[in-house]
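S.K.: Pasting a structure here, questions to come.
Coordinate-derived values only; no laboratory data. These figures come from a predicted structure and were not determined experimentally. Note that we place each Cβ from the backbone using ideal geometry, even for glycine, and neighbour counts take in every protein chain shown.
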Amino acid sequence: MAKPAQALLRASASVRRYTGHYAAHSHGFAQVLVGLSGRLELEVEGRGAVIDASSGLIIPAGARHAFHTDRDARMWVVDAPDQPGLEQWRPFSAPQAWQRALNIGRAGDSVAAQALLAALRQAPHVQVRRRLDLARLLPALDAALHEPWTTQRMAALFSLSPQRFHARLLALTGETPQALLRRLRLDRATALLRAGVSLEAAALQVGYGTPSALAFALRRERGVGARSLRKP
């Protein structure tokens, strides 16, 4: 049998910012986290999860959890004591329509908590996302910068569609796949030119079709000329 409606009034909601690493801990009450911006990686009782602006997570009372983010992450967090339906760890999808419901609650944290918990009853369950591991992507790119790297080829490393990979990488790094590739290529080209490698050889090593294409990219992206980089 459901608990009385007044139990909802004991729940409170607030927008919280997370940066860096947070050691494993637990609470005597359940929590519901809904992503607003950024990306938060969690481990809950040994199971991994990711929260971003399209998802959320139920953390049951007493469950040990730790989390980490390389960038600021903003979350709606509901501290929910004595709430039915929050006994199990569950990732869920958070549609954009939730923003309207949450905005209603800005006048008071108990109102926001009620809006979020009511919306949660309709939230579809989602599978835990595989982590997009930059330690796998970056070495692959770095080892073959001279080769063609489409977004589709990068996405295949993680068995993702190009569209999903693009969105995940953008949320994680703030860069699109091609912007990341361009930065790595220009970083390598800059180092080669400073080491005395010719513009022609550097262009071949980092995947630019012609020396002029590399020189143009350096001027456009870095504001430097190739000749100035080769000066002792």
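S.K.: I need the Kirkwood Rh of segment 134-229: take the reciprocal of the average 1/r across all distinct C-alpha pairs and report it in angstrom.
M.R.: Evaluated on segment 134-229, it is 13.9 Å.
S.K.: Evaluate E = 1/(1 + (r/R0)^6) for residue 23 and residue 143, where r is the Cβ-Cβ distance and R0 equals 25 Å; express this FRET efficiency to the nearest 0.05. Provide the component values of the computation, followed by the final result.
M.R.: Numbers: r = 35 Å, r/R0 = 1.40.
Efficiency at R0 = 25 Å is approximately 0.10.
S.K.: If packing is taken as the average number of other Cβ atoms within 10 Å across a peptide's residues, how do 142-151, 76-85, 175-184 rank, most packed first?
M.R.: Most protected by this proxy first, the peptides run 76-85, 175-184, 142-151.
S.K.: Taking R0 as 30 Å, what's the FRET efficiency between residue 230 and residue 167 from their Cβ-Cβ distance, rounded to 0.05? Display every interim value, and only then the final one.
M.R.: On the way: r = 39 Å, r/R0 = 1.30.
Efficiency, rounded to the nearest 0.05: 0.15.
S.K.: Could I have the simple spin-label model distance between residue 222 and residue 201, label points 7 Å from Cα toward Cβ, reported in nm to one decimal?
M.R.: Reported label-point gap for residue 222 and residue 201 is 1.7 nm.
S.K.: Stretch residue 47-residue 156 to full length: gain in nm at 0.36 nm per residue minus the Cα-Cα span?
M.R.: That works out to 36.8 nm of additional length.
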